[in-house]
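Participant: Below is one structure. I have some questions about it.
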Amino acid sequence: MRTHGDHAVVMGAGMGGLLAARVLTDHYESVTVLDRDPLPDTAEPRRGVPQGPHGHTLLPRGGLSLEAFFPGLLADLDGRGVPVITDDAAEIHFEPLGHHLAGTAPGADRAIHVPSRPMLERRVRAHLARVPTVRILDRCAVDGPRSDGGRVTGVRVTGPDGPCDLDADLVVDALGRGSRTPAWLAELGYPRPAEDTVTVRAAYSSLQLRVDPGALAEKMVLISATADRPTGAALFRHEDDMWDVSVFGVRGHAPPSDAAGMLDFLSGFAPAHVVEALRSAEPLTEPNSRTFPASRWRRYDRMRDLPDGLLVLGDGVCSLNPTYGQGMAVAAMQAEALAATLREGTRDLPRRYFRAAAKPIRDTWRFASVADRAILGATTGPLPWPIRALAPLGDTFFGAAAADPTLRDRFLEVFSLFSPPTRVLTPAAGLRIARATVRRRWGRTATTRPEQPGPTPVGSRPSPH
Ligand SMILES: Cc1cc2nc3c(=O)[nH]c(=O)nc-3n(C[C@H](O)[C@H](O)[C@H](O)COP(=O)(O)OP(=O)(O)OC[C@H]3O[C@@H](n4cnc5c(N)ncnc54)[C@H](O)[C@@H]3O)c2cc1C
């Protein structure tokens, strides 16, 4: 281990903070993690993570990263009854932009673990707490950084015994979407970072249900909004046969916030057998509703002047449209960037780290931009031309991917964050899209000609099951 200093402080014990702390244990003599909330020993939602009661999935890329940081974590989750999806395609119903990608299975080496968000955070925290040089202090609200000239030298904290200061060689802001680093930079005499934003105007309602174990083959049902239907759902089977049922609207459409209304809403577009199983399930919680105004990427990577000793990781840098389920995996990839940067020393650390972290964020942001353009018609700022070109073709692409397993698997590689979006922009992929589209159109013309039915109303599409 190369020691870069005596003490590092991480503000926030959410997913980003726990990962940052793990990285810092390789380079600092001791690491303190501070969180305003009481941190429960049980896996339950908490106030500081208001998104906790809403359906979360850990993309396989994120799962592999977490396992690398905390060896044994995935086996620990398995042992606690967390569902895992490997080879059985019946366990996933995935419907991006109205096209069911049947036959989708990640395989054993890219298994999808489906813990509830509180369970995942609880177990990651437990693994971090085993590192002897880490202290995790709850009920400690961070008030702001302390600085000396152009260097952040610690934090001001209000804990159970009142206000105090903590010295640190490095401070990492992992305070989530509510990160106050832009305001703190201004107080320290630095400019605020520029922001890229995409207006999503999403609204969620979620509740937890206990579903009869044999009632559904699926462990995950993901149905995105489409250009014509601003609604979707993310349903996950977690530990203890508990299901997170999240329904959402985008472009300002809010789903109902009562249980019966949510299931009626879901029946408008989800497979009938899934809705039926949920209707006879045991409610475990009252519905919880929340809005998400916009995706936001704070461009610290573009700043010329940054104080030494202060970094930001997680949603505080980039908070992504949650309907694509990428946030935790991207936080893990930022932690990988932090590890790689620290391995090269601390010279010019903020600039090198923010630039390294921007790489995985950029790929994910671009992926989301294509989907956002297709679904929301949202303007996402400048994009490279191949991505601009793909955005209006979303429906054509997914129609082709639903019929062509090679295209489908390529898309899943991108969706799972194993490859950049350009992976589906090769000439060979273009040919496959064209071929599948022609076949689809031809097939549709051939089968529809005798009856000439009108368009299928939203919600009455037959279940593929
Ligand atoms: C509705 C919804 C659904 C989502 N679904 C998914 C999904 O399926 N998959 C996925 O990967 N991502 C999903 N996300 C995104 C994911 O939740 C975030 O990307 C992830 O939690 C970011 O982690 P973080 O550590 O940056 O922030 P958080 O996990 O939000 O943690 C911030 C921490 O800072 C603490 N804190 C705040 N202020 C202070 C203070 N002043 N002092 C001390 N502590 C403080 C809080 O208590 C909290 O512990 C979803 C988000 C939303 C909104």
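Quick note: the coordinates plus some simple rules give every number you see, no bench work behind them. As the structure is a computational prediction, the values presented were derived from the model and not from experiment. As a convention, Cβ positions derive from the backbone with ideal geometry for all residues, glycine included, and neighbour counts pool all protein chains shown.
Participant: Could you work out how much longer the chain between H253 and D212 gets when fully extended? Use 0.36 nm per residue separation minus the Cα distance between them, nm to one decimal.
Facilitator: Values: separation 41, 0.36 × 41 = 14.76 nm, distance 3.11 nm.
Separation in residues times 0.36 nm, less the Cα-Cα distance, equals 11.7 nm.
Participant: Based on the mean of other beta carbon atoms within 10 Å per residue, what is the order of 224-230, 364-370, most packed first? Don't jump to the answer; show the numbers that get you there.
Facilitator: Values: 224-230: 19.0, 364-370: 23.3.
Top of the packing list down: 364-370, 224-230.
Participant: Between region 275-297 and region 91-137, what's the alpha-carbon centroid distance in Å?
Facilitator: 18
Participant: FRET efficiency for T158 and A434, Cβ-Cβ distance as r, R0 = 56 Å, nearest 0.05? Kindly include the intermediate steps, with their values, before the conclusion.
Facilitator: On the way: r = 61 Å, r/R0 = 1.09.
The pair T158/A434 has a calculated efficiency of 0.35.
Participant: Moving on. Could you tell me the ratio Rg/Rh of region 36-123? Both radii from Cα atoms, Rh via Kirkwood.
Facilitator: Details: Rg = 14.5 Å, Rh = 14.4 Å.
Checking Rg against Rh, the ratio lands at 1.01.
Participant: If you don't mind, another one. All other residues with a Cβ under 13 Å from the Cβ of A43 taken together, and with Lys, Arg as +1 and Asp, Glu as -1, what is their net charge?
Facilitator: Details: positive: R46, R80, R117, R122, R123, R125; negative: D41, E44, D76, E121, E239, D240, D244.
Within the 13 Å Cβ shell, the charges total -1.
Participant: To continue, here is another question. Principal axis extents for region 1-65, Cα atoms only, whole Å, descending order, please.
Facilitator: 39, 29, 17
Participant: With a cut-off of 8 Å between alpha carbons and a minimum separation of six or more residues, what is the relative contact order of the chain in percent? Don't skip to the end; give the middle numbers.
Facilitator: Values: 968 pairs, mean separation 83.0, N = 465.
Once normalised by length, the contact order is 18 percent.
Participant: Okay, next question. Regarding the chain, what are the three Cα extents along the principal axes, ordered largest first, in Å?
Facilitator: Extents along the principal axes: 79, 49, 38 Å.
Participant: I would also like to ask the following. Fewest to most neighbouring Cβ within 10 Å: what's the order for M303, M15? Could you put the intermediate results ahead of the total?
Facilitator: Working: M303 17, M15 29.
By the 10 Å Cβ count, ascending: M303, M15.
Participant: Compute the length gained on full extension between D109 and D348: take 0.36 nm times their separation in residues and subtract their Cα-Cα distance, giving the result in nm to one decimal.
Facilitator: Details: separation 239, 0.36 × 239 = 86.04 nm, distance 3.69 nm.
Going from the current span to full extension adds 82.4 nm.
Participant: What nm distance separates the two modelled labels at R151 and D6, each placed 7 Å from Cα along Cα→Cβ?
Facilitator: 1.3
Participant: Please give the residues of region 221-249, grouped as numeric ranges, whose backbone N is less than 18 Å from a label point set 7 Å along the Cα-to-Cβ vector of T42.
Facilitator: 238-244
Participant: Where Rh is the Kirkwood radius over the Cα pairs of region 149-234, the temperature 4 °C and the viscosity 1.567 mPa s, what D in µm²/s does Stokes-Einstein return? Numbers along the way, then the final one.
Facilitator: On the way: Rh = 18.6 Å.
D = 70 µm²/s.
Participant: Going by C-beta contacts inside 10 Å, put V438, V274 in order with the fewest on the left. Mind dumping the intermediate values first?
Facilitator: Working: V438 11, V274 25.
Least to most surrounded, the residues fall as V438, V274.
Participant: Among 52-59, 30-37, how do they line up by average Cβ neighbours within 10 Å per residue, starting with the highest? Present the calculation step by step, with values, prior to reporting the outcome.
Facilitator: On the way: 52-59: 24.4, 30-37: 22.4.
Output ranking for 52-59, 30-37: 52-59, 30-37.
Participant: For a quick check: sort H113, H238, H7, H273 by the number of other beta carbons within 10 angstrom, fewest at the front.
Facilitator: Working: H113 21, H238 25, H7 18, H273 14.
Fewest-to-most ranking of H113, H238, H7, H273: H273, H7, H113, H238.
Participant: Just want to confirm a number: the relative contact order over region 1-101, from Cα pairs under 8 angstrom separated by 6+ residues, in percent.
Facilitator: Details: 82 pairs, mean separation 18.5, N = 101.
18 percent.
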